[in-house]
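The values are calculated or read from the model by the stated rules, or taken from the named source; none is laboratory data. All values reported here derive from a predicted model rather than from experimental measurement. Glycine gets a Cβ as well: all are built from the backbone with ideal geometry, and neighbour counts include every protein chain shown. Each accessible area value is taken on the protein alone, full model and side chains, heavy atoms only, with ligands, DNA and RNA left out. Shrake-Rupley method; radii C 1.70, N 1.55, O 1.52, S 1.80 Å.
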Amino acid sequence: MLKSLVQSALFSGLFLLHSVTYANPERIKLGMSVALSGPASHIGIQLKGGHQLYFDYANQHVLDDKMTLDLLVLDDGYEPNRTVDNTHYLLQHHKIHALIGNMGTPTTHAIKEILKRHQLPLLMPYTGANFLYQSPQFPTFALRASYLEEAEEQVKYLVEELGHKKIALFIQADEFGLTLEQSHRQALRDKGIEPVVIARFRRNTNDVARALTQILLTDTTAIAMIGTYEPLAAFINQAHRAGFRGTYTSVSFVSSTALFENIIVPAQVMVTEVLPNPTTCTGQICTLYRKLSKDKKRVINYPAFEGFVNAYIFIAALKHCDVKSFSTCIVPAIRKERETNPIIKALFKQQKSHTAYPVYRSYLKY
């Protein structure tokens with residue numbers, strides 16, 4: 001039976017999950033660049049942990065002695081230039097076969113040319129960036145709904161269900177914010193609405209005061225927020241103290257668990273999610289995730305669950321591929337498992353939806 005271990009490597013921020021014991025097995029090497037430090041580290045740490053939780057299990061109970069799996073994780077602090085450096089390092093020094101679970105729109109956008117040049121598969125990144133759904137010219141598979149689909153769900157909630165007409169956008173000033181700005185404006189335009197104001201803040205900061213002032217000078221009644229949980233929570237806390245009592249929405253990237261934990265004032269917040277609630281969902285993947293999380297004393301939350309599901313689908317697809325054909329085989333194999341594997345299909349059918357990738361919701365109301 002394969003044994004796996006996680007050890008810290010000499011290169012700063014590198015973590016290696018690997019399996020050893022068998023002579024000359026086929027070896028698949030996966031890379032991951034996520035924020036393990038900085039304001040967005042909660043998301044990256046949980047993503048990394050979710051992937052490792054299932055890969056550890058798979059190395060012991062699923063994979064046979066003909067194949068081993070290495071997961072090499074590097075810290076980029078949610079900074080695009082570091083993601084570029086990490087990707088070069090993983091390619092040149094570790095000869096990775098693919099990236100899996102990379103985190104963020106600006107960070108993923110920064111490595112597009114590297115992915116094209118090397119035809120390196122990008123598997124199930126933690127972003128719904130529109131360019132991943134529009135012939136990106138490198139092998140990729142997006143597990144989650146697009147940000148446009150999330151934006152449409154938020155606009156449905158704010159406009160159709162709550163009746164808001166005066167909606168502002170509070171946006172992280174980078175590729176992530178630009179993608180969501182375009183998506184929200186399109187979704188609002190479909191309802192005959194334009195944003196009251198678009199206010200921005202700088203990535204990896206909690207400097208939200210100027211944006212808050214911009215919004216408070218308008219007649220805004222609802223705010224669609226795009227960013228990580230710390231600045232968004234800071235904004236909501238400060239807005240309440242300034243007298244704002246409207247409704248908020250945000251996209252799945254924020255990590256609803258962390259956002260809700262950091263809001264210390266009464267607020268009404270809806271976060272769109274790309275997976276069902278990991279604490280209450282049913283089916284084999286949900287049950288196994290909760291059992292392994294309990295056994296390993298891991299916190300159950302959406303980012304960790306998404307990492308776990310990514311790893312589960314990857315291992316299911318791996319049986320269709322070998323090392324020689326991996327780069328051309330793995331994306332069609334993942335797509336096949338997503339479309340035909342009854343266990344995986346059951347996970348995404350826990351909500352009535354006509355789309356292949358439904359959008360779910362989390363609420364904070366008090």
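Quick one: of the DSSP bridges fully inside the chain, what percent are antiparallel, nearest 5?
Looking only at bridges with both residues in the chain, the antiparallel portion is about 30 percent.
Report, in deg cm²/dmol and to the nearest 500, the calculated mean residue ellipticity at 222 nm for the chain, where each DSSP H run with n ≥ 4 adds -39500 (n - 2.57) and the sum is divided by the residue count.
-13000 deg cm²/dmol
What does the C-alpha gyration tensor say about the overall shape of region 148-247? Classify as rounded when a/c is under 1.5, otherwise prolate if a/b is larger than b/c, or oblate.
Since a/c reaches 1.5 but b/c is at least a/b, the shape of region 148-247 is classed as oblate.
Would you work out which of Met124, Ala239, Phe314 lies farthest towards the positive end of the dipole of the chain, given +1 charges on the beta-carbon of Lys and Arg and -1 on that of Asp and Glu, about the Cα centre?
Among Met124, Ala239, Phe314, the one farthest towards the positive end of the dipole of the chain is Phe314.
Could you check how much of the accessible area of region 213-365 is carbon and sulfur, as a whole percent, using a 1.4 Å probe?
Using a 1.4 Å probe with all protein chains present, region 213-365 comes out at 53 percent carbon and sulfur.
How do the peptides 143-154, 201-212, 78-89 rank, highest first, by the average count of neighbouring beta carbon atoms within 10 Å per residue?
143-154, 78-89, 201-212
At Tyr366 and Asn277, where each label point lies 7 Å from the Cα along Cα→Cβ, what is the point-to-point distance in nanometres?
Inter-label distance under the simple model: 1.5 nm.
Can you tell me the accessible area per residue over the chain, all protein chains present, probe 1.4 angstrom, in square angstrom?
Per residue, the chain has 41 Å² of solvent-accessible surface.
Gain in length, Asn237 to Ala209, computed as 0.36 nm per residue apart minus the alpha-carbon separation, to one decimal in nm?
Difference between extended and current length: 9.0 nm.
Loop-only trypsin sites (Lys or Arg not before Pro) in region 89-125, please: DSSP not H, G, I, E or B, and at most 10 other Cβ atoms within 10 Å.
Taking region 89-125 and a limit of 10 other Cβ atoms within 10 Å, the loop trypsin sites (Lys or Arg not before Pro) found are Lys95.
Once you have the Cα-Cα distance between Arg245 and Arg335, take 0.36 nm times their residue separation minus that, and quote the gain in nm to one decimal.
Extending this stretch completely gives an extra 28.0 nm.
Which entries of Lys48/Lys296; Lys116/Lys319; Lys191/Lys365; Lys324/Lys345 show an alpha-carbon separation above 18 angstrom in the structure shown?
Long pairs (Cα-Cα over 18 Å): Lys116/Lys319; Lys191/Lys365; Lys324/Lys345.
What does the charge count around Glu150 come to, taking other residues whose C-beta lies under 15 Å from its C-beta (Lys +1, Arg +1, Asp -1, Glu -1)?
-3
Modelled label-to-label distance, His61 and Ser135, 7 Å Cα→beta-carbon offset: nm?
4.4 nm
Using the Kirkwood formula over every pair of different C-alpha atoms, what hydrodynamic radius in Å results for region 205-256?
Taking every pair of different Cα atoms in region 205-256, averaging 1/r and inverting gives 11.2 Å.
P(r) for the chain, please, calculated from all Cα pair distances in 10 Å bins and given in %.
Cα pair-distance distribution for the chain, in percent: 5, 25, 34, 23, 10, 3, 0.
Mind checking the full-extension length gain between Ser41 and Gln182? Use 0.36 nm per residue of separation minus the Cα-Cα distance, one decimal, nm.
48.1 nm
Go through Val265, Leu30, Cys281 and say which Cα lies farthest out towards the positive end of the charge dipole of the chain; charges sit on Cβ, +1 for Lys and Arg, -1 for Asp and Glu.
Most positive-ward Cα: Cys281.
Under 17 Å between alpha carbons, and skipping anything fewer than 8 positions from Lys156 in its own chain: which aspartates and glutamates qualify?
Glu181, Asp190, Glu194, Glu273
Which net charge results for the neighbourhood of Glu161, defined as the other residues with beta-carbon distances under 15 angstrom from its beta-carbon, given Lys and Arg at +1 and Asp and Glu at -1?
+2
Filter the trypsin sites (Lys or Arg not before Pro) in region 275-366 down to the DSSP loop ones having no more than 10 other Cβ atoms within 10 Å, then list what survives.
In loop regions of region 275-366 (DSSP not H, G, I, E or B), the sparsely surrounded trypsin sites (Lys or Arg not before Pro) are Lys297, Lys324, Lys352.
Using Cα pairs under 8 angstrom and six or more residues apart, how large is the relative contact order of region 120-194, in percent?
29 percent
Nearest 5 percent is fine: what portion of the DSSP beta bridges confined to region 220-366 is antiparallel?
Roughly 45 percent of the beta bridges in region 220-366 run antiparallel, per DSSP.
Kindly express, to the nearest 10 degrees and within the range 0 to 90, the angle between helix 175-189's C-alpha long axis and the longest C-alpha principal axis of the chain.
Once rounded, one gets 50 degrees.
Rounding to the nearest 20 debye, state how big the charge dipole of the chain is about its Cα centre with +1 on each Lys and Arg Cβ and -1 on each Asp and Glu Cβ.
In total the dipole reaches around 420 debye.
What net charge is computed for the residues neighbouring Ser362, neighbours being all others with C-beta under 14 Å from the C-beta of Ser362, Lys and Arg scored +1, Asp and Glu -1?
The answer is -3.
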